[in-house]
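Some notes on the structure that comes next.
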Amino acid sequence: MGLRSSARPLPPVTEQVMADSPSSDGGVAIGIDVGTQGARVIVAERGGRVLASARRTWPLQDDDEDKREQDPEEWWRAVVSCLREVTSLLGRVSVGAVSVAATSGTLVLADDRMRPVRPAMMWNDKRAKLEVDIVNNELREEISTAFQPGFTLPKALWVARHEPEIWRAARHVLTAGDWLLCRLTGLAPVSDFTNVFKSGYDLRNNRWPEGLDRLGLPVDRFPRVVASGTDIGPLSPQVVADTGLSSETRVVAGITDATAAQIASGAVSVGDWVSTIGTGLSIKGVTLEPLLAPSAVGLYNHRHWSSGWIPTATSHCGADSIGRRFPGEDLDDLSRSAARYDMSSVIVLPLSTVGEYFPFRVPEARGFEIGNPRDRADLFRGYLEGIAFVERMAMNAMTAAGAEVDGPQRTMGGGAANPEWLRIRASVLRRPVTRPRETSSAFGAAIIALAGDPVAISPLAREIVTDDAVADPSPRSIELYEERFASFQEALTERGYLEREP
């Protein structure tokens with residue numbers, strides 16, 4: 001069996017163009033996504049159809065190796081411009097609510113009038129390397145989070161230590177999403193469970209840890225925390241004037257961009273899992289309790305918006321390795337040619353950087369290719385299979401940690417667009433792999449806004465998320481890949497990346 005279309009198709013909607021009139025089943029909302037390279041705004045109706053959308057992009061700054069900064073006011077100008085555009089397309093259609101998804105771990109320091117006191121330190125800013133150890137040592141008795149340089153809290157400490165005058169001018173320690181919500185409402189800062197994870201919030205006890213004060217980071221500078229989907233208040237009069245939206249439009253608490261994409265995939269209930277293949281491989285699911293894997297730095301747990309937890313793991317094995325190994329080549333043509341083979345002649349660990357932290361933790365790990373490929377397409381297939389093997393190892397690690405896995409593996413990201421890869425992954429995972437029709441974080445934010453209540457998010461997502469394609473496992477391929485997967489694990493064991501089982 002192979003790739004098949006979804007049984008529940010939705011009519012296509014052209015980007016930036018108003019679709020047919022909204023259905024009468026109630027509700028139109030806006031989702032905003034502010035990422036690393038741009039902003040996107042989506043208008044969706046309760047039936048799941050996208051009515052209009054708009055995008056704005058900005059150039060990335062050429063910072064040094066560890067420094068990554070952006071101007072939050074540039075984000076805001078892009079958001080207002082997008083909102084104004086979609087409002088003009090909507091005409092008399094009333095927007096009930098709006099919510100925001102934004103990058104996780106980005107730090108925005110603002111004064112008491114919500115003006116940034118310095119450029120935002122982005123999620124991939126790694127200057128806080130020394131501060132990570134300080135934060136981990138101080139907070140390890142209160143929370144289980146293993147902080148990394150890209151997290152919000154170590155970066156706040158970095159500013160306090162390296163830019164004391166700027167720190168004294170800062171009244172609020174916020175993430176990108178927190179700051180954008182403040183700009184929408186004009187009210188005191190509010191955050192959500194997913195955004196505050198990297199800011200040091202104690203998710204189990206629902207409080208800011210006392211250790212923040214000992215670090216010299218006063219708790220009163222951090223925002224109030226609610227569940228995603230909680231009603232915060234109306235749009236500010238200034239936003240109403242600038243965008244053309246109604247003063248009756250409500251603002252609801254948002255979410256991190258990756259978790260918004262998870263909602264857009266439909267992976268919202270216990271047992272649901274989604275893999276996103278971008279630069280690396282990210283896996284998210286829903287469990288009743290946090291998953292613990294002490295040896296895997298790449299695994300952490302967000303608190304679910306209504307009940308349960310969201311284990312999240314990231315591998316460095318992803319599409320970046322393909323781009324580096326096949327620069328300038330026609331990947332679509334390679335995929336079509338690779339489909340001629342039942343299985344690659346090559347065993348590949350597709351690591352493009354040194355070090356891996358999930359599903360195995362080996363800081364010095366390096367990628368490898370074993371075997372002689374018949375041609376470039378055969379080698380390309382080896383890379384597709386290698387990432388699928390890592391995905392299976394990751395899911396095995398989740399189940400070994402106690403996770404329930406139910407139903408198909410949902411998938412998003414650039415890698416989800418490759419139909420041959422979907423078929424390979426389905427056979428390696430031995431489960432169907434589904435690709436949702438609308439994969440953007442902005443759509444996930446729109447679902448949150450449409451729900452208007454944390455407990456309503458999951459039921460609504462299950463109702464309106466529609467699959468674009470489904471890849472079924474092939475019995476013959478399952479048999480072939482079982483043997484090859486064992487060989488892949490043996491190759492990892494021989495290099496010391498896995499421990500040999502007794």
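Here, each number is a calculation from the coordinates, and none is a lab measurement. Fair warning: this is a prediction, and the values are worked out from it, not measured in the lab. Neighbour counts run over all protein chains shown; Cβ positions are idealised from the backbone, glycine included.
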* Euclidean distance of C-alpha centroids, the range 173-187 and the range 261-317, integer Å -> 25
* Burial order of peptide ranges 284-290, 322-328 (average beta-carbon count within 10 Å, highest first) -> 284-290, 322-328
* Take peptides 408-415, 113-120, 136-143 and line them up by average Cβ neighbours within 10 Å, highest first, as a rough protection proxy. => 408-415, 113-120, 136-143
* Asked: Using alpha-carbon pairs under 8 Å, 6+ residues apart, how would you state the relative contact order of the chain in percent?
  -> 17
* Structure fact -> Here the relative contact order (percent) of the range 14-253, from C-alpha pairs under 8 Å and at least 6 apart, is 19
* Asked: With labels modelled as points extended 7 Å from the Cα through the Cβ direction, what inter-label distance (nm, one decimal) is found for Leu292 paired with Arg224?
  -> 3.4
* **Under 14 Å from the Arg113 label point (7 Å along Cα→beta-carbon), backbone N, the range 207-236** => none
* Asked: So in the range 14-253, what percent of DSSP beta bridges are antiparallel if you round to the nearest 5?
  -> 70
* Structure fact -> Here the range 434-448 yields Karplus 3J(HN,Hα) values (6.51, -1.76, 1.60; θ = phi - 60°; whole Hz; Gly and Pro given as x) of 10, 10, x, 5, 10, 10, 7, 5, 4, 5, x, 5, 5, 4, 4
* To do: Name the shape class, rounded, prolate or oblate, that the alpha-carbon gyration tensor gives for the range 300-339, where a ≥ b ≥ c are the square roots of its eigenvalues, rounded holds for a/c under 1.5, and otherwise prolate holds if a/b is larger than b/c and oblate otherwise.
  => prolate
* Kindly state, to the nearest 0.05, the FRET efficiency for Val240 paired with Lys67, given R0 = 35 Å and r defined as their beta-carbon distance. => 0.40
* Rounded to the nearest 10 degrees, what's the angle between the helix 72-90 long axis and the longest principal axis of the chain, both from Cα atoms, 0 to 90? => 90
* Asked: From the backbone phi of the range 185-196, what are the Karplus-calculated ³J(HN,Hα) couplings (6.51 cos²θ - 1.76 cosθ + 1.60, θ = phi - 60°) in whole Hz, Gly and Pro given as x?
  -> 9, x, 9, 4, x, 9, 10, 10, 4, 6, 5, 7
* **Residue-span extension gain [Glu369 to Ala456] - 0.36 nm each, minus C-alpha spacing** => 26.6 nm
* Karplus-derived 3J(HN,Hα), 6.51/-1.76/1.60, for each residue of the range 399-411, Hz, glycine and proline x -> 5, 5, 7, x, 6, 8, 10, 9, x, x, 8, 7, 9
* To do: Within 10 Å, count the other beta carbons around each residue, average over each peptide in 437-450, 347-360, 67-80, and list them highest first.
  => 437-450, 347-360, 67-80
* Structure fact -> Rounded to one decimal in nm, the spacing of the 7 Å Cα→Cβ label points at Ser345 and Asp333 is 2.1
* Between the range 334-352 and the range 201-237, what is the C-alpha centre distance in whole Å? -> 47
* When the helices in the chain are scored as -39500 (n - 2.57) per DSSP H run of 4 or longer and the sum is shared across all residues, what 222 nm value do you end up with, to the nearest 500 deg cm²/dmol? -> -10500 deg cm²/dmol
* Take Val362, project a point 7 Å from its Cα along the Cβ direction, then tell me which residues of the range 463-502 have their backbone nitrogen under 14 Å from it. => 487-501
* Using label points projected 7 Å from each Cα along Cα→Cβ, tell me how many nm separate Glu482 and Asp213, to one decimal. => 6.0
